[in-house]
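The values are calculated or read from the model by the stated rules, or taken from the named source; none is laboratory data. Only a predicted model underlies this, so the values are computations on that prediction, with no experimental measurement involved. So basically every Cβ, Gly included, is an ideal-geometry build from the backbone, and we count neighbours across all protein chains shown.
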Amino acid sequence: MMRVTYAHMGTSTIVFKSMLEEIGHEVIVPRRPTPKTLSLGVQYAPEFACIPFKLVLGTYLETIPRGVDMIISAGGYGPCRAGFYGELHGRILREMGYNPDFVFFFPPLKKPVDFFRKIIQLKQGGSWRDLFRSCQRGLKKLKAVDDIEIRSHEIRARELKRGDTSRAFRKSLNYLEEARTTKEIEEARREGLGELDKVSINPDFEPLKVGIIGEIYVQLEPAANFYLEETLGNMGVVPKRTIFLTSFTRRDVVAHGDREAKERAEPYIPLVIGGHGQNSVGDVVHFAEDGYHGIVQLAPFTCIPEIVAKSIMPHLSKVKGIPVLTFFIDEQTGQAGVETRLEAFVDLMQEQRKNNSA
């Protein structure tokens with residue numbers, strides 16, 4: 001039995017935990033990143049590495065002393081430098097005297113032989129049947145987590161008592177964490193959605209709708225984006241991310257990326273620039289055409305694909321008539337500054353909606 005860990009990334013942690021336990025590993029669950037985690041990563045990371053690199057490195061350094069034998073990670077393959085992060089994390093850890101096995105997965109269609117070899121290493125002699133069933137249950141649980149998270153975003157903006165949605169959401173995730181069989185996962189999903197539906201809301205309130213675009217880690221990990229979705233919900237705004245792990249698995253891991261987003265981006269940026277840069281441009285077009293009131297772009301500082309996408313945002317904002325707010329996030333970014341900018345952005349959208357209605 002291997003003692004296995006991975007990077008914390010939003011609500012996906014509970015799914016990874018159950019999948020790895022089912023194939024026979026002891027899981028050392030990473031704690032949610034804190035400012036201390038980031039400080040630890042900054043101390044040992046290259047100066048111009050992005051905040052996902054530093055947060056993930058800090059998470060490993062906090063988790064390895066708890067007895068980790070294997071670290072599992074994944075990344076892209078192409079222009080984005082994230083594909084090299086697993087190798088660089090491993091080198092830093094070895095230089096510090098740590099030597100866990102490091103299993104870094106590339107998308108299976110990019111390196112099928114390498115992917116297959118690492119699957120064999122991960123299953124540790126277990127049966128392919130058990131692995132397949134574990135993956136099936138994992139995807140079902142992942143879909144249930146995403147469904148509950150989406151519902152919480154819709155309800156939080158209308159809640160009558162601040163904090164009720166967040167409490168119901170945490171309770172719902174606890175149900176899913178305990179679920180093991182396919183039947184239990186479906187029951188936990190229903191009970192979780194039921195908990196959210198119990199939250200008292202103002203049905204007559206019409207919230208603003210904001211699209212969230214940008215790099216995957218800062219979209220999915222609240223500790224990296226300063227709990228942006230919850231903050232927007234408390235301001236009476238319904239956020240909609242472009243990336244959930246279920247859709248990401250279907251489009252970017254199993255298939256060849258989000259073709260619809262790339263087609264929408266084609267008139268403005270007709271080439272792949274790595275990461276989610278091209279998708280971000282196409283997603284602005286989608287949200288504008290879908291009647292959203294604004295867009296927030298989340299990007300790690302020094303992320304080249306999102307910097308290129310950002311250069312097109314002023315033109316897109318003007319052409320499509322939708323305001324875009326960009327956050328380039330690093331260890332110097334602060335909660336107060338993020339909230340202040342969001343408040344001003346919400347005021348702008350409310351004024352624009354009022355003028356459009358008039």
Taking the condition of being touching a Ser or Thr at 6+ places or on another chain (Cβ under 9 Å) and either outside the structural domain of Ala344 (by TED's automatic domain parsing) or within 14 Å of Ile212 (Cα to Cα) (or both), how many residues in segment 289-308 meet it? 6
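Residue by residue, here is whether (1) closer than 21 Å to Ile216 by Cα; (2) out of contact with any Asp or Glu (no Cβ under 8 Å at 6 or more places or on another chain); (3) at pLDDT below 95; (4) not small (Gly, Ala, Ser) holds:
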position: Ile273; (1), (2), (3), (4): yes, yes, yes, yes
position: Leu342; (1), (2), (3), (4): yes, yes, no, yes
position: Lys354; (1), (2), (3), (4): no, yes, yes, yes
position: Ser357; (1), (2), (3), (4): no, yes, yes, no
Any idea which residue in segment 40-56 is surrounded by the fewest Cβ atoms within 10 Å (Cβ to Cβ), counting only those that are part of a loop (DSSP other than H, G, I, E, B) and in contact with a Ser or Thr (Cβ under 9 Å, 6 or more places away or on another chain)? Phe48
Among (1) modelled with pLDDT of 95 or more; (2) buried (at least 17 other Cβ atoms within 10 Å of the Cβ), Asp290 falls short only on (2)
Identify the residue in segment 82-100 that is among the small types (Gly, Ala, Ser) and closer than 16 Å to Tyr217 by Cα and, among all such residues, is nearest to the chain's Cα centre (by Cα). Ala82
Filter result for Met313 (out of contact with any helix residue (DSSP H, G or I) (no Cβ under 9 Å at 6 or more places or on another chain) and buried (at least 18 other Cβ atoms within 10 Å of the Cβ)): no
Is there a residue being out of contact with any His (no Cβ under 8 Å at 6 or more places or on another chain), surrounded by fewer than 22 Cβ atoms within 10 Å (Cβ to Cβ), β-branched (Val, Ile, Thr) and more than 14 Å from Glu62 (Cα to Cα) anywhere in segment 16-30? yes
From the option list Ala157, Ala168, single residue qualifying as in contact with a strand residue (DSSP E or B) (Cβ under 8 Å, 6 or more places away or on another chain), closer than 22 Å to Thr231 by Cβ, at pLDDT 95 or above and not charged (D, E, K, R) is Ala157
Taking the conditions exactly as written (assigned to a helix (DSSP H, G or I), touching a Lys or Arg at 6+ places or on another chain (Cβ under 9 Å) and of a type in the set (Asp, Glu)), does Glu184 satisfy them or not? no
Run down Thr5, Thr59, Thr63, Thr37 and say which single residue is within 23 Å of Asp114 (Cα to Cα), at pLDDT 95 or above and surrounded by 17 or more Cβ atoms within 10 Å (Cβ to Cβ). Thr5
Sort out which residues of segment 88-114 are in a helix (DSSP H, G or I), surrounded by fewer than 15 Cβ atoms within 10 Å (Cβ to Cβ) and not β-branched (Val, Ile, Thr), and write them in order of number. Arg91, Arg94, Glu95, Pro112, Asp114
With the structure loaded, tell me whether Ser134 is closer than 24 Å to Thr182 by Cα and out of contact with any helix residue (DSSP H, G or I) (no Cβ under 7 Å at 6 or more places or on another chain) or whether it fails that test. no
Please work out which one of (1) under 28 Å from Pro305 (Cβ atoms); (2) touching a residue at least 40 places away in the same chain (Cβ under 8 Å); (3) out of contact with any Gly (no Cβ under 9 Å at 6 or more places or on another chain); (4) not in a loop (DSSP other than H, G, I, E, B) is the condition His8 fails and give its number. (4)
How many of the residues making up segment 305-358 are under 28 Å from Tyr268 (Cα atoms), touching a residue at least 40 places away in the same chain (Cβ under 8 Å) and under 21 Å from the mean Cα position of the chain (by Cα)? 8
Subset of segment 187-219 [at pLDDT 95 or above, aliphatic (A, V, I, L, M) and either touching a Cys at 6+ places or on another chain (Cβ under 8 Å) or assigned to a helix (DSSP H, G or I) (or both)]: Ala188, Leu193, Leu196, Val218
Sort through Glu195, Glu184, Glu178, Glu191 and tell me the only one that's touching a residue at least 24 places away in the same chain (Cβ under 8 Å) and of a type in the set (Asp, Glu). Glu195
